[in-house]
1. Find the sum over both chains of the accessible area lost when A and B are paired, probe 1.4 Å, and report it in Å² to the nearest 100.
2. What longest region of chain B stays clear of trypsin sites (Lys or Arg not before Pro) that DSSP places outside H, G, I, E and B and that have at most 13 other Cβ atoms within 10 Å?
3. Please compute the length gained on full extension between A:MET19 and A:ASP80, using 0.36 nm multiplied by the number of residues separating them and subtracting their Cα-Cα distance.
4. Starting from the Cα of B:LEU157, step 7 Å along the direction of its Cβ; do the same at B:LYS49; then give the gap between the two resulting points in nm.
5. Heavy-atom accessible area per residue, the stretch B:32-95, 1.4 Å probe: how many Å²?
6. Considering only Cα-Cα distances, which of the following residue pairs are longer than 28 Å: A:LYS57/B:LYS165; A:LYS51/A:LYS123; A:LYS123/B:LYS62; A:LYS155/B:LYS107?
7. Rounded to the nearest whole Å², what accessible area per residue is found for the stretch A:151-199 with the 1.4 Å probe?
8. Computed FRET efficiency, Cβ-Cβ of A:VAL177 and B:ASN66, R0 35 Å: what is it to the nearest 0.05?
Amino acid sequence: MDLILPLFKNGFMSNEANMFFAVVLGFTFGFVLERTGFTRSQIIANTFYFKDIAVPKIMGVTVITTTTWFILFSYMGWLDMSQLFTPATYVWPYLVGGLLFGIGMVMAGYCPGTAVAGLGTGKSDALIFLAGLLAGAFVYMILYPYVADFASSSKLGVLKLHDLFGGNEYTSYILTVALETGIILFLMLLQKLTNKGEK
Amino acid sequence: MEKKYWNPYFGGVVLGTLLFLTFAIASQGFGASGTFSRSVAQFLVDTDKSWLQNAYVASYFKHSDNALFNWTVWETVGIFIGGFVSALLAGRFMLKPDKAPSYSVMKRFMWAFVGGAIVEFATRLTRGCTSGQGLDGMATFSVGAWIFMFSAFAGALILSPLFRKQWVEEKNEGDE
């Protein structure tokens, strides 16, 4: 049998080994979040005032880099892209949930991953934020009987960009790179216009 | 002596390569929000078994009788240690809240808590946060991830004027 990535799905690794690598990969993620300033709620929140756009820059370049590796490895026959976990699309829950998420983020500055790394750097507001996450999960569970129908409404399953616009994985890749680059350039322009005349 | 943060483009290439490695090994990407609802579910069931009648709580016990034996939970432990070690090595470890310097600490804590609760509630609807949807979803070309990110950015922008004082230090030369 040829070795084809991903390791875990294709049976080259035990569940326990996968959990071990989870800690190792999480460590590298947390390390880079700290190195790039993602552990600071002020830096993250300044994105929404176009004062500091390092966060969307990093996110955009991250997606471009990851997808480039995917396409390369898949082209070489080393990676089976269909085995990569892709979240399903639910239109209305994502629209409403997304709005709520953004509202919570501008209040709190953190998102869950950055707050965990932020707590590691000693940020006390990150600790309070994490307590808030637990409270939010509890409220969701209590309200679940009332939101369950909405939460599973407008389900489209795994829906990729090329399912929408036609073509194949390469189409999605080109679209993704174009969109991410466009967003970064647009935000750079907004940053320039917003901060005109200051300093 | 405090070091400078990495250049964002360099940081993106490093993070993107790590995310690729994560997918290549584990078949899934980074995540975080699930850890907190799993922790709550485990705590509730440990306290009172009748919580298993709640369909959402029960969904975490389909594959295992321990909701915390899960890839994302272990990865979250790693994120914490990674942040800690990096901050120590960079001389940036410090016990303090992050905000605009003149903003009140109590108000900062209040918004961190309220915002945190809203964020986690929202991620239950969106099946993931800025990692699980924003990074992983976008990297796997998911349409839903784009819906989520655009609507999250819109939500933040709509309310941003109300929270400006918490984040942006104004230079008050001449005005007011």
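1. Details: alone 13890 and 13500 Å², together 16590 Å².
Result for this pair: about 10800 Å² buried.
2. On the way: sites that count: B:LYS3, B:LYS4, B:LYS62, B:LYS171.
The segment B:63-170 is the longest one with no such site.
3. Details: separation 61, 0.36 × 61 = 21.96 nm, distance 2.13 nm.
Stretched out fully, the A:MET19 to A:ASP80 stretch lengthens by 19.8 nm.
4. Between B:LEU157 and B:LYS49, the label points sit 5.3 nm apart.
5. Working: 3200 Å² over 64 residues.
So the stretch B:32-95 comes to 50 Å² accessible per residue, rounded to a whole number.
6. Values: A:LYS57/B:LYS165 24 Å; A:LYS51/A:LYS123 21 Å; A:LYS123/B:LYS62 35 Å; A:LYS155/B:LYS107 39 Å.
Where the Cα-Cα span goes over 28 Å, the pairs concerned are A:LYS123/B:LYS62; A:LYS155/B:LYS107.
7. Numbers: 3230 Å² over 49 residues.
I get 66 Å² per residue for this part.
8. 0.30
The values are calculated or read from the model by the stated rules, or taken from the named source; none is laboratory data. Because the structure is predicted, anything quoted here is derived from the model rather than measured. We place every Cβ from the backbone using ideal geometry, glycine too, and count neighbours over all the protein chains shown. These area figures cover heavy atoms from the full protein model, side chains too; ligands, DNA and RNA do not enter into them. Shrake-Rupley method; radii C 1.70, N 1.55, O 1.52, S 1.80 Å.
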